[in-house]
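To start, the structure under review is shown below, and the notes come after it.
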Amino acid sequence: MMQEQHFFDFAAEAGLTKHFGSVESTDKMAELCHIDPTSYVLDVGCGVGATPCYLAKKYGCRVLGVDILPKMVERSKERGVKMRLLESVEFQVADAQDLPFEDGRFDVVITESVTSFPKDKQQAVNEYTRVIKPGGFVGLIESTWLKVPPPQELVEWVRQDVGATVEPLTVEGWKDLLVKAGLQDIVVILMNIDVKAESRGILKRYGIGGMLSIVTRAFQLYLRNPNYRQFVKEVNQGGLVPEDFNAYFGYGIFVGRKDS
Ligand SMILES: C[S@@+](CC[C@H](N)C(=O)[O-])C[C@H]1O[C@@H](n2cnc3c(N)ncnc32)[C@H](O)[C@@H]1O
């Protein structure tokens, strides 16, 4: 069984994290969460910091990015410095299930391909809701079973191909978490996964220079780290995208508002 810990350690080392839909899904969620220059946004599971920097630059808002892995936070800080955004972005280590912030501190909490990972997803969504102000928004972009039950081979393929223990929920499953956390006016947008568009999205997000650094770092990691070589081998055993992939698996943008 592949270790999720390994997967994210390698991603942090190489300097690449992603979520479905890239900047287009981030923009859609930003619109639904009413992000503007007055917003104070918390990005939970910010990975290497691409979204906090993107939001701060495009929308002029303040963003705090948190991630459970110190190496991700280190990478995020490097990005903030490089993009000269230190007045609007900050980063620190935190677990989605136990956020070290007082109630009502943020206007918006977002997570992009993160809430599939914590063991207690309800606790995580409760925490997102607790730390937003009344009238604030919680937005999730998460992998979703569009049709149930998915064939067991597909469940295994998703797990194998992504290389981490992803546990997508159904549309109702995600909505339920938001409702049980006390959010209302739930908006759901469901999307299929376009593999080519996902690749273009990575390039758009990191740019050609960024991709060159990522590839160089990944190659160096491959040469010097036998665990990484094993990881690459295991991920590649997944084979081609199964035919019925798009009928069952996709992602959703889920947004809810806290009662004012
Ligand atoms: C698939 S990556 C997505 C990263 C980022 N949101 C992006 O769009 O690039 C998932 C991230 O969630 C982080 N993560 C996983 N479990 C977490 C938790 N319980 N609390 C905070 N971060 C977590 C991982 O370390 C990783 O950086």
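Against the definition (closer than 20 Å to Gly21 by Cβ and in contact with a strand residue (DSSP E or B) (Cβ under 6 Å, 6 or more places away or on another chain)), how does Ser116 come out, yes or no? Criteria met by Ser116.
Residues being more than 24 Å from Asn246 (Cβ to Cβ), within 16 Å of the chain's Cα centre (by Cα) and either away from the ligand (no atom under 16 Å from the Cβ) or not in a loop (DSSP other than H, G, I, E, B) (or both) are represented in the range 129-148 by at least one member. Evaluated against (1) more than 15 Å from the ligand (Cβ to nearest atom); (2) part of a helix (DSSP H, G or I); (3) of a type in the set (D, E, K, R); (4) within 20 Å of Leu140 (Cβ to Cβ), Asp107 falls short on exactly one condition, (2). Evaluate the range 96-107: report whether one residue or more is on the phi < 0 side of the Ramachandran plot, among the small types (Gly, Ala, Ser), modelled with pLDDT of 95 or more and touching a helix residue (DSSP H, G or I) at 6+ places or on another chain (Cβ under 9 Å). Yes, some residue in the range 96-107 is on the phi < 0 side of the Ramachandran plot, among the small types (Gly, Ala, Ser), modelled with pLDDT of 95 or more and touching a helix residue (DSSP H, G or I) at 6+ places or on another chain (Cβ under 9 Å).
Among what's in the range 81-102 and is in a strand (DSSP E or B) and of a type in the set (A, V, I, L, M), pick the residue that is surrounded by the most Cβ atoms within 10 Å (Cβ to Cβ). Talk me through it step by step, then tell me what you get.
First, pick out the residues of the range 81-102 that are in a strand (DSSP E or B): 89-93, 95, 98.
Filter once more, keeping what is of a type in the set (A, V, I, L, M): 89, 93.
On the way: Val89: 27, Val93: 14.
For the range 81-102, the residue satisfying everything is Val89.
For the range 216-254, a tally of residues being modelled with pLDDT under 75, within 23 Å of the chain's Cα centre (by Cα) and not β-branched (Val, Ile, Thr) returns 3.
Taken over the range 13-38, the criterion of being within 12 Å of the ligand (Cβ to nearest atom) and outside any helix (DSSP H, G or I) is satisfied by Gly15, Leu16, Thr17, Lys18, His19, Phe20, Gly21. Selection of first residues in the range 22-38 that are farther than 17 Å from Ile193 by Cα and of second residues that are in a loop (DSSP other than H, G, I, E, B), restricted to Cβ pairs under 7 Å at least 6 apart or on distinct chains, gives the following pairs, ordered by first then second residue: Ile35/Cys61; Asp36/Cys61; Pro37/Gly60; Pro37/Cys61. The residues listed here are Val41, Val66, Val48; of these, the one that is in a strand (DSSP E or B), near the ligand (Cβ under 9 Å from one of its atoms) and modelled with pLDDT of 95 or more is Val66. For beta carbons closer than 9 Å, sequence separation of 6+ or different chains, a first residue in the range 165-189 that is of a type in the set (Phe, Trp, Tyr) and a second that is part of a strand (DSSP E or B), the qualifying pairs are Trp174/Leu140; Trp174/Glu142; Trp174/Thr144; Trp174/Val188; Trp174/Gly252; Trp174/Phe254.
Could you say whether any residue in the range 77-91 is near the ligand (Cβ under 10 Å from one of its atoms) and either within 17 Å of the chain's Cα centre (by Cα) or within 22 Å of His6 (Cβ to Cβ) (or both)? No, that holds for no residue.
The values are calculated or read from the model by the stated rules, or taken from the named source; none is laboratory data. Keep in mind that what you see is a predicted model, and the values were worked out from it rather than measured. Note: ideal-geometry Cβ built from the backbone for every residue, glycine included; neighbour counts use all protein chains shown.
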